[in-house]
Amino acid sequence: MRSYTYLQVAEQDRVFTVTIRREEKLNAMNREMMAELTDCFGWLHRQDQARAVVLTGTGKAFMAGADIEGYNGFDMGQFFAFQDQGREMYRSIESCGKPVIAAVNGYALGGGFELALACDLIVASEKAKFGLPEVKLGLVPGGGGIQKIARAIGPYAAKELTMTGQFVTAAEGRIMQFVHQVTEPEALLETALKLAQDIAAQAPLAVQALKKLINEGRDASLETAQAYDRAYLASLFHSEDAKEGIAAFVAKRPPQFRGR
């Protein structure tokens, strides 16, 4: 199991939980934390026993964005290096072959909201708050949040959210459809883990294909995206998991998927 300064990693029944632990700074990200998250999700991508991942925070925040004090005084080169490192971190989650569920326990602001948007599903506590308030600093989001939230909630709602820097609640996020489920605070992790276990019980190669097809297909033409779907289907049909799934269905027994 990986050991980190700002992350705690645990595993149970093929589901890994990654907990951000910098509570005294509302889990704000610095360069070391970004490097740890990048390394962690690269490692999880390579773990055959990992079927799903839950990412959460501690205390009042999921992640309250970047540590502004940390990059106060940066010159242009240092600032862009910080931004590049952040984008590499988000890509490590997006490109991780395992589905990632954000269990948002509190504030998810700026880069913290972008971190949640890099995940595949968002389960949020009733106490969660989401926002992209960079405009209040004279900046714009740099970790992909602008385009992701525009695709998730539409351009007009995205303009209001980003141009005002306002926060939205978990319930409002559910209405906007970027939040999958809203739970009572004490039920957050249990709910996220149950969802992760439901996914982990499915054929892992098919789950990985679905993540890739949905993420990449949304930016392709419908015809091109459907061609990718058919190509992946043909490839999966020859897998051991597909043979097992079909045989189990015919025999009316639970399938035993092995990711092969």
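The values are calculated or read from the model by the stated rules, or taken from the named source; none is laboratory data. Just so it is clear, the structure is predicted and the values come from calculations on it, not from any experiment. FYI the Cβ positions are ideal-geometry reconstructions off the backbone, even for glycines, and counts take in every protein chain you see. Side chains are part of the model used for accessible areas, which takes the heavy atoms of the whole protein and leaves out ligands, DNA and RNA. Shrake-Rupley method; radii C 1.70, N 1.55, O 1.52, S 1.80 Å.
Looking at (i) -0.73; (ii) -0.66; (iii) -0.81, which value of log10 I(q)/I(0) by the Debye sum over Cα atoms at q = 0.12 Å⁻¹ comes from a calculation on the structure shown?
Given (i) -0.73; (ii) -0.66; (iii) -0.81, the structure-derived one carries the label (i).
Have a look at Leu233, Leu193, Leu109 and tell me which one the Gaussian network model of the chain (Cα, springs below 10 Å) gives the largest fluctuation.
Maximum fluctuation in the GNM of the chain, among the listed residues, is at Leu233.
Springs between alpha-carbon pairs under 10 angstrom, Gaussian network model over the chain: which of Ile246, Ile93, Ile122 fluctuates most?
Checking each option, the largest mean-square fluctuation is seen for Ile246.
At q = 0.13 Å⁻¹, what is the log10 ratio I(q)/I(0) for the stretch 69-132, with the Debye formula run over Cα points and no solvent?
-0.43
Would you kindly give the portion of the calculated P(r) for the stretch 133-180 that falls above 18 Å, as a percent of all Cα pairs? Kindly include the intermediate steps, with their values, before the conclusion.
Working: 257 of 1128 pairs.
I get 23 percent for the Cα pairs in the stretch 133-180 exceeding 18 Å.
Please tell me which of these pairs span more than 26 angstrom C-alpha to C-alpha: Lys60/Lys194; Lys98/Lys159; Lys60/Lys212; Lys127/Lys211; Lys25/Lys98; Lys25/Lys212?
Lys98/Lys159; Lys60/Lys212; Lys127/Lys211; Lys25/Lys98; Lys25/Lys212
Compute the relative contact order of the chain as a whole-number percentage, counting only Cα pairs closer than 8 Å that sit 6 or more residues apart in sequence.
The normalised contact order for the chain reaches 16 percent.
Could you provide, to the nearest whole Å², the per residue accessible area of the stretch 14-163 with probe 1.4 Å?
Roughly 42 Å² per residue, with all protein chains present.
Taking only the alpha carbons of the stretch 44-175, what extent do you get along each of the three principal axes, in Å, biggest first?
So the three principal-axis extents are 44, 36, 30 Å.
What nm distance separates the two modelled labels at Ile175 and Ser221, each placed 7 Å from Cα along Cα→Cβ?
3.9 nm
Please report the carbon-and-sulfur percent of the accessible area for the chain; probe 1.4 Å, protein heavy atoms only, DNA, RNA and ligands left out.
Working: 7440 of 13670 Å².
Its accessible area is 54 percent carbon and sulfur atoms.
Ordered by residue, what ³J(HN,Hα) values in Hz, to whole numbers, does the stretch 7-12 give under the Karplus form 6.51 cos²θ - 1.76 cosθ + 1.60, where θ = phi - 60° and Gly and Pro are x?
Listing the rounded values in order: 10, 10, 10, 9, 9, 8 Hz.
Of the candidates Arg230, Arg46, Arg22, which one comes out as most mobile in a Gaussian network treatment of the chain with C-alpha springs shorter than 10 Å?
Arg230
Regarding the stretch 107-158, what's the average projected area of the Cα-atom convex hull, expressed in nm²?
3.8 nm²
On a full-extension model of 0.36 nm per residue, what is the gain between Thr5 and Asp75, subtracting their alpha-carbon distance, rounded to one decimal in nm?
Net length gain for the segment: 22.5 nm.
Give me the orientation-averaged projected area of the Cα convex hull of the stretch 170-243, in nm², one decimal.
Hull-based average projected area comes out at 6.3 nm².
Which residues among the stretch 13-37 fall inside the zone where the amide N is under 16 Å from a point 7 Å beyond the Cα of Glu240, along Cα→Cβ?
none
Which whole DSSP H helices in the chain pass both tests: a Cα extent of 15 Å or more along the axis and a mean Kyte-Doolittle value no lower than 0.0?
TM-like helix candidates: 188-200, 204-217, 222-237, 240-251.
Compute for the stretch 130-260: radius of gyration divided by Kirkwood radius, i.e. Rg/Rh, restricted to C-alpha atoms, rounded to two decimals.
1.09
Where Lys and Arg each count +1 and Asp and Glu each count -1, what net charge lies around Gly42 among other residues with Cβ under 14 Å from its Cβ? Don't skip to the end; give the middle numbers.
Details: positive: Arg2, Arg46, Arg91, Lys98; negative: Glu36, Asp39, Glu88, Glu94.
Spelling it out: positives minus negatives among the neighbours equals 0.
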